[in-house]
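Notes to accompany the following structure.
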Amino acid sequence: MIGYVQVNDIPHWKQQLDSWVDAIVGDTVENWSVTDKLALLGHDAAQRLAFLRSHHQRLAGLSPIQIDHLWIEM
C-alpha cells in the first residue's frame, strides 16, 4: 500500500495513526486490537521514505493478512 504524506512528516503520521488505533481499541470496537498498529521497518529521512508493515486478523475463518506500506513525503 502506498501513502503520500502531504502535510507534516512521517513521524507525525506514525504517531497519529498509533493514537487513533489506541482510541479505537480503548472504545472496544469489535475486531480491532493493538496488533493492528503499523510497525516501522525503516525510515530514510533524507529520501523522505518509510517502510512499514501491519498484520490484521480477518473474519469468516480467513487467515490473517500482512500489508506492507510505503510512505512517501511529498
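In region 6-31, the residues that are under 17 Å from Gln57 (Cβ atoms) form Cβ pairs under 7 Å with partners that are open to solvent by 70 Å² or more (accessible area, probe 1.4 Å) and part of a helix (DSSP H, G or I), at six or more places apart or across chains, as follows: Val21/Val34; Val25/Val34.
In region 7-28, the qualifying residues are those that are among the β-branched types (Val, Ile, Thr) and loosely packed, with under 11 Cβ neighbours inside 10 Å, and the one that is nearest to Arg48 (Cα to Cα) is Val7. Here Ala46, Ala39 are screened, and the one residue that is of a type outside the set (Ser, Thr, Tyr) and over 18 Å from Gln57 (Cα atoms) is Ala46. Looking at Leu59, Leu41, just one residue is at pLDDT below 95, among the aliphatic types (A, V, I, L, M) and surrounded by fewer than 12 Cβ atoms within 10 Å (Cβ to Cβ), and that residue is Leu59. Within region 46-56, restricting attention to residues that are within 19 Å of Met1 (Cα to Cα) and open to solvent by 60 Å² or more (accessible area, probe 1.4 Å), the residue that is nearest to the chain's Cα centre (by Cα) is Arg53. Here Asn31 meets each of (1) modelled with pLDDT under 95; (2) surrounded by 11 or more Cβ atoms within 10 Å (Cβ to Cβ); (3) at positive phi with one exception, condition (2). Within the bounds of region 56-63, is there any residue that is aliphatic (A, V, I, L, M) and outside any loop (DSSP other than H, G, I, E, B)? So far as region 56-63 goes, no, none of its residues is aliphatic (A, V, I, L, M) and outside any loop (DSSP other than H, G, I, E, B).
The values are calculated or read from the model by the stated rules, or taken from the named source; none is laboratory data. Treat the numbers as computed from the prediction; the structure is a model and nothing was measured. When we count neighbours, we look across all protein chains shown, and the Cβ atoms used for this are built from the backbone with ideal geometry, even at glycine. All accessible areas refer to the heavy atoms of the entire protein, side chains included, with ligands and DNA or RNA removed. Shrake-Rupley method; radii C 1.70, N 1.55, O 1.52, S 1.80 Å.
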